[in-house]
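Some notes on the structure that comes next.
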Amino acid sequence: MSDPVVVDRVTKRFAGHTAVDTLSLSVPSGIIYGLLGPNGAGKTTTIRMIMDIYEPDEGVVRLFNDVAGGRTHSARIGYLPEERGLYPKMRVLDVLVFLAETKGVVRRAARARALEWLDRLGLADWRLRKVSDLSKGMQQKVQFISAMLHDPELVVLDEPFSALDPVNRQVLLDTVIDFRRRGKTVLFSTHIMEHAEQLCDRLCIIARGKKLIDGTLADIKRTRGGKHIVIAFDGSQGAAQQIFGDRRLVAKIHDFGQQAELELADGADAQEILRALVSSGARLSHFELASPSLHKIFVDLVGPDAATAAANPPTDRERERARA
Amino acid sequence: MHKVWAVIRREFVERVRTKWFWVSAILGPVLFAGIIVFQIAQSVGGGARHIAVVDTGKAGYGRRVVEALGASKSIRADAASPSPHVLDSLTELVEAKRINGFLIVGDSLSSDGKAEYRASNLSLQTIEELQRTLNRVVEKARLEGKGVNPTVVDWAQALRVTLEQKKCQRGACLAESAGQSFIMAYLISLLLFMAILLYGVNVMSSVLEEKRDRIVEVLISSLRPFQLMLGKVFGAGAVSFFQFLIWGVSARVLISLRGPIARALGADPSQIQDVRLPHIPFDTFVVFMACFLGGFLLYSAMFAAVGAMSSNEQEARQAQQPVTYLLMISYLSFIGLTNEPTSTFAKTLSVVPFTSPIATPVRWAGGSMGVGELIVSLGMLALAIVGVTWVAARIYRVGILMTGKRPTLKELVRWVRTA
């Protein structure tokens, strides 16, 4: 069986600005795939092209091995857009039934499933209330339900966990993991690396519309990471800063104060650093040889790009101008 | 189709659930009931006008007028006893609302035909009745003066001619008065104008709402923009039909209940003036409905585009003005359409698709439009619906995902070309 989502050398330009540049990626069936990138990297534009909301200027998007587009397959796809929105004056249950109907679910079945989902996410008592009566977090849960309600084979979630408190985030995380367990496919975008590290089987990091790297999380860690050491101090740091500054031992450092992540210089030995730290009077509570965190890989890769890309996000109007 | 149906259904149910729908649905019949009660109340005693008749001469014309008005249902007349200051005291009575007015007649009535009526309120109905009565009194006096037997005069005056009015159109002549024709034309243009405008604007605000509440992106991922627009237009259209149905049925029920209402108010049902509804021939009804449907589709598509290109209510209100003016042209020219229905102006209005939804039924109801002209008019309207919907759908498609400043005309043209 071919991959449910294949993006093949896709380019999308908006006025004087290429939002997505010959991007290719492929989402295999039955996994959680993360699309990572800083703000303005082209994540939402890519997702909108996958969802058939924008048409690519070049390249093709194939869904379920068909170029017909997301709308044709909408019954098999769930979508949570970045710009959340529901009808504020409608009742929660009615909104869910309506949105399921637009995906082709029969009314009666939609109603039964909506009630089931509301119950599952703790919103059963709110089913007859107006959407506008709900808190932001509850509204987001309702929107999340609307993406899952028609039991799609693929869900596309654009920044699904932003603006949620930890409890509700965990509820949605569990739901996504359970979804994958049932053999379904998840494609989600985020700029929060912890979420990606917890969830993703595969991922793709993009910046300024271009792919920087993709693959399984383990592969990326293996290829991108040199030898890494995670250190935590217990009080005194001794002459640690001096040792971290020694380019013969340490190639790169992410210093978090009481914690630090080091990348060893070529030929350096971890034991040598440990010895040097201890003899300098530093008290250590943690010393671990580790693969690099996704956060570090991301910052290393994206680094300066992130700042410039995020500084000038194009407006819709500019994007539109580029269409003509 | 299932998806479009879901959109229609949502649009209909959510709109009918609002308070405003029911307020206006109930207000219509209440207004109509008010009119009926008012009419009945007028026909009951309260409606009769009390006037005094002052005779400044000696020939007894005042007495004759009072006698002649004795049979009147709407005027109760009493002779005022002559005194030097009678006019002043009567004026005071009028001001104190004790009497409605007073009539002054003199001996010269039968020679120069002059009399005077003073009142706080000069109602057309009273004046007409007084004039009729005075004419008969003068006629009788003059004939008697020439020696004609009063019984003969009474016999001659007893007969009144009723002029039956019929309107001939398309080979059939049906009873309808000039007033009824005018009312009919006015009702047609008013109803069409209101309905098309109100429900077109409904489509617009609904589009705007989806854009503002950012739900449109989810919808567009499962429906084609055209399907969504179609669903909205038909949904809002169904609501307007439903509202008309409520008004129509309640008006019909109220009219048939006039008898019981009159009895409840203590009036004699047989005495109530008939509300003469103009006869609406079936073909006029069909033309009316066709033009309503066509006009609604045409204007709703335009209003949908206006909603899609605006980001908030304020912008939309401004952007809708040109569309509203377009519709207003034919509404405002309805007097021209009824007075000179065959002028070049009237003919042009009924061919141009943006004005024909109102102009065509008005002219057709007036009987001044041939079948050939009707076919051309409806054909043009159908073509325009296809064309305008095509353009509007493209503006809609691009516009619904846009935020920020309203597009310029140049940008709109580009939307249409590139969508």
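Laboratory data are not the source of any read-out in this text; all were calculated from the coordinates shown. Owing to the predicted nature of the structure, the values given are computational and were not obtained by experimental measurement. For neighbour counting, all protein chains shown are included, and Cβ atoms are generated from backbone atoms with ideal geometry for every residue, glycine included.
Observations, loosely collected:
- The stretch A:226-290: equivalent-ellipsoid semi-axes (sqrt of 5 x gyration tensor eigenvalues, Cα, Å): 17, 12, 10
- Estimated FRET transfer efficiency when R0 is 41 angstrom, pair A:R129-B:S256 (beta carbons, to 0.05): 0.40
- Magnitude of the charge dipole, the stretch A:5-221, Cβ model with Lys/Arg +1 and Asp/Glu -1, debye to 20: 500 debye
- Kirkwood radius, the stretch A:5-221, all distinct C-alpha pairs, inverse of mean reciprocal distance: 17.7 Å.
- Rel. contact order, % - alpha carbon contacts under 8 angstrom, at least six apart, the stretch A:5-221: 31 percent
- Taking the C-alpha atoms only, the angle from helix A:92-102 to the longest principal axis of chain A is near 80 degrees.
- Modelled FRET efficiency - R0 35 Å, A:S162 with B:Q321, Cβ distances, 0.05 increments: 0.30
- Here the dipole of the stretch A:113-240 is about 380 debye; that uses its Cα centre as origin and unit charges on the Cβ of Lys and Arg (positive) and Asp and Glu (negative).
- Approximating the spin labels as points 7 Å out from Cα along Cα→Cβ, the B:E116-to-A:V67 distance works out to 9.7 nm.
- Build a GNM of chain B with springs between Cα atoms under 10 Å apart, and of B:A304, B:A52, B:A346 the one that fluctuates most is B:A52.
- Restricting attention to chain B, close to 40% of DSSP beta bridges with both partner residues there are antiparallel.
- Shielding by partners - mean other protein chain Cβ count within 10 Å, residues of A:92-105: 4
- Computed from the C-alpha gyration tensor, the three semi-axes of the ellipsoid equivalent to chain B are 59, 24, 20 Å, from longest to shortest.
- Kirkwood hydrodynamic radius over Cα pairs of the stretch B:47-157, then Stokes diffusion coefficient at 4 °C and 1.567 mPa s, in µm²/s: 90 µm²/s
- Lysines whose Cα lies under 23 Å from that of B:K347, excluding same-chain neighbours fewer than 8 positions away: B:K167
- Take the convex hull of the alpha carbons in the stretch A:104-259; its mean projected area over all directions comes to 14.1 nm².
- Exposure proxy order (Cβ contacts within 10 Å, fewest to most) of B:L327, A:L128: A:L128, B:L327
- In plain terms, the residue of A:L115, B:L298 with the fewest other Cβ atoms within 10 Å comes first and the most crowded comes last, giving A:L115, B:L298.
- Burial ordering of A:E263, B:E164, fewest other beta-carbon atoms within 10 Å first: B:E164, A:E263
- Net charge of Cβ neighbours under 12 Å - reference B:D88; Lys, Arg +1; Asp, Glu -1: -1
- Once both labels are positioned 7 Å from their Cα atoms along Cα-to-Cβ, the gap between A:A75 and B:H50 label points is 8.0 nm.
- Within the stretch B:303-335, backbone nitrogen closer than 18 Å to the virtual label 7 Å beyond the Cα of B:L187 toward Cβ: B:334-335
- Where only alpha carbons of the stretch B:118-163 are counted, the Rg and the Dmax (Å): 13.5, 40
- Per-residue [θ]222 nm for the protein assembly as shown (sum of -39500 (n - 2.57) over DSSP H runs n ≥ 4, rounded to 500): -17000 deg cm²/dmol
- Choice from B:Q131, B:Q39, B:Q318 showing the highest fluctuation, given a GNM over chain B with Cα pairs closer than 10 Å: B:Q131
- Largest GNM mean-square fluctuation across A:V230, A:V156, A:V142, computed for chain A with C-alpha springs under 10 Å, falls on A:V230.
- Rel. contact order, % - alpha carbon contacts under 8 angstrom, at least six apart, chain B: 18 percent
- Its Kirkwood hydrodynamic radius, worked out from the mean inverse distance over all distinct Cα pairs, puts the protein assembly as shown at 33.1 Å.
- Förster radius 60 Å - calculated FRET efficiency between B:M289 and A:E272, Cβ distance, rounded to 0.05: 0.05
- Leading residue at positive end of dipole, the protein assembly as shown (Cβ point charges), from A:P56, B:T284, B:S72: B:S72
- Furthest towards positive pole of dipole, A:G122, B:V351, A:I243, structure part the protein assembly as shown, Cβ charges: B:V351
- Inter-probe distance in nm under a simple model that places probes 7 Å from Cα toward Cβ, at B:Q314 and B:S205: 1.8 nm
- The stretch B:72-132 - Debye-derived log10 I(q)/I(0), Cα point model, q = 0.17 Å⁻¹: -0.64
- Mean separation of Cα pairs under 8 Å and 6 or more residues apart, divided by the residue count, gives the stretch A:226-290 a relative contact order of 51 percent.
- Basic side chains Lys and Arg get +1 at the Cβ, acidic Asp and Glu get -1 at the Cβ, and with that the dipole of the protein assembly as shown about its Cα centre reaches some 1200 debye.
- Counting only residues at least eight positions apart within a chain, or on another chain, the aspartates and glutamates with an alpha carbon under 16 Å from that of B:K3 are A:D94, A:E101, B:E11, B:E217.
- The longest stretch of chain B left intact once loop-based trypsin sites (Lys or Arg not before Pro) with at most 12 other Cβ atoms within 10 Å are removed from consideration, loops following DSSP, is B:277-404.
- Among the listed pairs A:K210/A:K296; A:K43/B:K410; A:K184/A:K211, a Cα-Cα separation exceeding 28 Å is found for A:K43/B:K410.
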